[in-house]
Amino acid sequence: MSLLDARLVAERGTFRLDIALTIAPGETVALLGPNGAGKTTALRALAGLTPLSGGHVRLAGQDLSDAAPEDRPIGVVFQDYLLFPHLSARDNVAFGPRRRGVDKRAAHEIADRWLDRVGLASFGRRKPRQLSGGQAQRVALARALAVDPVLLLLDEPLAALDARTRLETRGELRRHLAAHPGATLLVTHDPLDALVLADRLVVVEQGRVVQEGDAATITARPRTDYVARLVGLNLYQGRGDGHTVTLVDGFALATTDTVHGDAFVAFPPAAVALHPAQPGGSPRNTWPAVLADIQRHGDNLRVVLDGPITVAADITPAAAAQLRLEPGMEIWVAVKAAETRAYPAD
Ligand SMILES: Nc1ncnc2c1ncn2[C@@H]1O[C@H](COP(=O)(O)OP(=O)(O)OP(=O)(O)O)[C@@H](O)[C@H]1O
């Protein structure tokens, strides 16, 4: 049973969003996508800040499509937190309950309880400017949760934090989300946030859902270039004929998987080997290529090769030195059929 059942159609200028979204009680869904994909527009439409031009928002069976933002049982953590600068942390958290008619004392008790839960019991009197980025983030989360929202919306909740605070806060946020009985929608373009915090991913591009599912499924079977890059795979589309997938330009990739009809073939950059001359030996795909780019990638080097297809390869610095890799050089590429995954495109 879904707690949130929505179809969001909204326009912003010439941009049109049209996505369906369901979230179960206790579930966290990450809305993932490149810049300008429509993630913030979706979040604003759910919160009632951007009007729907079509579709609906139903929460716990109640139709909220036309409800004002303050009449929706929704808590929002905005990217830059939007804490009231003139109010103390405690009053910021108490604000929601107060607005919903809770008396001052009871609202302060609720605020103190939430500040305690996010580890800020002794910070209640501080103003937002007296808080660190990580602390402000926790106050914003406490403020969103203090109204017992049926739906919690988080817009890039960790984006404003430095790397170290981000790591700690991500772990804490995960605990709070696990304890939240309502539905949670996390808007992010950070795949790590999505993988760590969400039960399910919904990927949007140009206002449409292009892929959804759990992380394992999406990682194993990406369906767009954006998703393939996100999970770090080389991805090609073509027609399968048993153990061969032929791409549009006629280039064929051998695979040990069996596919027929429209199909994808994917393999990780680490599965790509480079050779100074045409390699022989075990059954594999080999072709001559031109080295287009070399960049540092963790402890390895990420090499981009142009040719009949463009591929990314991960090479150790030692191998790169041995091969004397440099942009513009010609080199042979090899990918074992057994290291490719092929799967139907529809
Ligand atoms: N107020 C506005 N008026 C006109 N167009 C807008 C407005 N706000 C956003 N847009 C357009 O709507 C599209 C979606 O924007 P949105 O902010 O929802 O994307 P996003 O996925 O959240 O991107 P980002 O990751 O960059 O925040 C973009 O093409 C953007 O230019």
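The values are calculated or read from the model by the stated rules, or taken from the named source; none is laboratory data. Here the structure is a predicted model, which means the values were calculated and not measured. When we count neighbours, we look across all protein chains shown, and the Cβ atoms used for this are built from the backbone with ideal geometry, even at glycine.
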Over segment 196-218, the set of residues surrounded by fewer than 19 Cβ atoms within 10 Å (Cβ to Cβ) and either more than 16 Å from the ligand (Cβ to nearest atom) or over 13 Å from the mean Cα position of the chain (by Cα) (or both) is Val196, Asp199, Arg200, Gln206, Arg208, Gly213, Asp214, Ala215, Ala216, Thr217
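Can you tell me which residue in segment 34-50 is farthest from the ligand (Cβ to nearest atom), limited to those that are at positive phi and surrounded by 19 or more Cβ atoms within 10 Å (Cβ to Cβ)? Working first, answer last.
Initial filter on segment 34-50 (at positive phi): 36, 38, 48.
Then drop every residue that is not surrounded by 19 or more Cβ atoms within 10 Å (Cβ to Cβ), which leaves 38, 48.
Details: Gly38: 4, Gly48: 15 Å.
Checked segment 34-50; the qualifying residue farthest from the ligand (Cβ to nearest atom) is Gly48.
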Do you know which of the residues in segment 227-246 that are out of contact with any Leu (no Cβ under 9 Å at 6 or more places or on another chain) and buried (at least 17 other Cβ atoms within 10 Å of the Cβ) is modelled with the lowest pLDDT? Val231
Tally of residues being in contact (Cβ under 8 Å) with a residue 24 or more places away in the chain and farther than 28 Å from Thr188 by Cβ across segment 79-96: 4
I'd like to check something: does segment 78-92 contain any residue that is more than 13 Å from the ligand (Cβ to nearest atom), within 30 Å of Asp214 (Cα to Cα) and either within 30 Å of the chain's Cα centre (by Cα) or not assigned by the TED database to the domain that holds His180 (or both)? yes
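Residue-by-condition table, conditions (1) more than 24 Å from Val29 (Cα to Cα); (2) in contact (Cβ under 8 Å) with a residue 40 or more places away in the chain:
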position: His108; (1), (2): yes, no
position: Asp116; (1), (2): yes, no
position: Lys127; (1), (2): yes, yes
position: Leu131; (1), (2): yes, yes
position: Gly134; (1), (2): no, no
position: Ala140; (1), (2): no, yes
position: Arg143; (1), (2): no, yes
position: Ala160; (1), (2): no, yes
position: Leu167; (1), (2): no, no
What about Val290, is it surrounded by fewer than 19 Cβ atoms within 10 Å (Cβ to Cβ), at pLDDT 95 or above and outside the structural domain of Ala318 (by the TED database)? no
Test each condition in (1) at positive phi; (2) touching a residue at least 60 places away in the same chain (Cβ under 8 Å) for Gly13 and report the one that comes out false. (2)
Regarding segment 103-124, can at least one residue be identified that is in a helix (DSSP H, G or I) and farther than 23 Å from Ala179 by Cβ? yes
Restricting attention to segment 160-173, does a residue exist that is within 16 Å of the ligand (Cβ to nearest atom) and not β-branched (Val, Ile, Thr)? yes
Restricting attention to segment 33-62, the residues that are in a strand (DSSP E or B) and in contact with a Ser or Thr (Cβ under 6 Å, 6 or more places away or on another chain) number exactly 2
Which listed residue is surrounded by fewer than 21 Cβ atoms within 10 Å (Cβ to Cβ), within 15 Å of the ligand (Cβ to nearest atom) and more than 19 Å from Asp193 (Cβ to Cβ), from Ser65, Ser53: Ser53
Scope segment 39-77; condition under 19 Å from the mean Cα position of the chain (by Cα) and of a type in the set (Ser, Thr, Tyr); matching residues: Thr40, Thr41
Residue under question is Val9, and the condition is that it be farther than 20 Å from Pro157 by Cα, assigned to a strand (DSSP E or B), assigned by the TED database to the domain that holds Asp190 and away from the ligand (no atom under 16 Å from the Cβ); does it hold? no
